[in-house]
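Undergrad: Pasting a structure here, questions to come.
The values are calculated or read from the model by the stated rules, or taken from the named source; none is laboratory data. The shown structure was predicted, so the numbers you read here are calculated from the model rather than taken from an experiment. A quick note on method: Cβ atoms are made from the backbone with ideal geometry, for glycine too, and the neighbour counts reach across all protein chains shown. Remember, those area values only see protein heavy atoms, side chains included, never the ligands or the DNA or RNA. Shrake-Rupley method; radii C 1.70, N 1.55, O 1.52, S 1.80 Å.
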Amino acid sequence: MALSADLGAPLDRSSGAPLHVQVAQALRHDIQARQLAPGTALPSEAGLCRQFGVARSVVRQALAALVTEGLIRREPGRAPMVAPALEHHRMVQRSTGLFEQFASTGTTLRTRVLRFEPVVPPPEVAAFFGTEDTLLLERLRRVDDEPLAFVRTWLPRARLPGLTADHLQDASLHRILVQRFGLHPGRGRNRIRAVGADAALADALEVKTGSPLLMLEGQGHDQHGQALEWFTTWHRGEKLVFDVDVTPAGEHIHAALPDSAKHPVSAADTAPEGAASLAAAEAALQTALEMLRQLRQGK
């Protein structure tokens, strides 16, 4: 276990701060600074008593505070353990966006618009919209002041007169499309891929270059069947879990091995093309998880 130099340092007994508060703060610092990784076992109560030079009652108060904060877990007869990082969940086959899904669970998702301007799109995006007159929207989404996702969205400029970046700060794009323009997200297709973060994404998401990301790509139409959005969202792999509902008459879920460099993995498809079995869904998710595991191991 990697402990910081401060963890076992003498406490400041003249500061006026209770000893159990100081012990908790030392442990909290190392957990939040990731010097104590999720799943790491802390020393026993006796070991912490020796390191900090305090009574067991002080250590127990400190550990109880960290349990209440959700930073550690305790089980009878076992050493306390750093709690796994909080995972957020997203329903991959829903047409509702990340903002709406998080709002439904009471989670506050902060959104900062990084770029919003007319830009000539790549050929495949222009073909989807039937025009090169498009808007490029780039956003960074955060939860609890930590980056969760980087979103790049292409929109049809002519259909969104008067839309500005200010409308989209800490807001749901889909809600704006409905309220201001009467455009309701309809059918679409989403794909999941496991990728490594390039330098720009690593900087935006505050991870190391090459860190595993879960990339969700999608194209959506409105209620009239017209092209509405083309998006790519890169999620921090350790922060978010994709959920898939499987029913006999539900969405078709499939996995595909890469057939070219630009399509490394296709792990989920939301177009209603037939019945999906539980086995097919499990295979799809296993494929994505295996790709993510290989990225984490640097393969």
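Undergrad: I'd like the full set of residues that are open to solvent by 20 Å² or more (accessible area, probe 1.4 Å), modelled with pLDDT under 95 and assigned to a strand (DSSP E or B), limited to region 135-151.
TA: ARG142, GLU146
Undergrad: For residues that are loosely packed, with under 15 Cβ neighbours inside 10 Å and closer than 25 Å to VAL125 by Cα, scanning just region 225-249, find the one that is modelled with the highest pLDDT.
TA: Here the residue is GLN226.
Undergrad: Right, another one. Any idea which residue in region 152-186 is nearest to LEU135 (Cα to Cα), counting only those that are part of a helix (DSSP H, G or I) and of a type in the set (Gly, Ala, Ser)?
TA: ALA158
Undergrad: I want to confirm something. Restricting to region 97-134 and keeping residues that are small (Gly, Ala, Ser), modelled with pLDDT of 95 or more and assigned to a helix (DSSP H, G or I), which single residue is surrounded by the most Cβ atoms within 10 Å (Cβ to Cβ)?
TA: ALA126
Undergrad: If I go through region 179-200 residue by residue, how many of them are at pLDDT 90 or above, more than 26 Å from ARG236 (Cβ to Cβ) and open to solvent by less than 50 Å² (accessible area, probe 1.4 Å)?
TA: 3
Undergrad: Under the condition of being open to solvent by 20 Å² or more (accessible area, probe 1.4 Å) and in contact with a helix residue (DSSP H, G or I) (Cβ under 8 Å, 6 or more places away or on another chain), which residue from region 59-78 is modelled with the lowest pLDDT?
TA: GLU69
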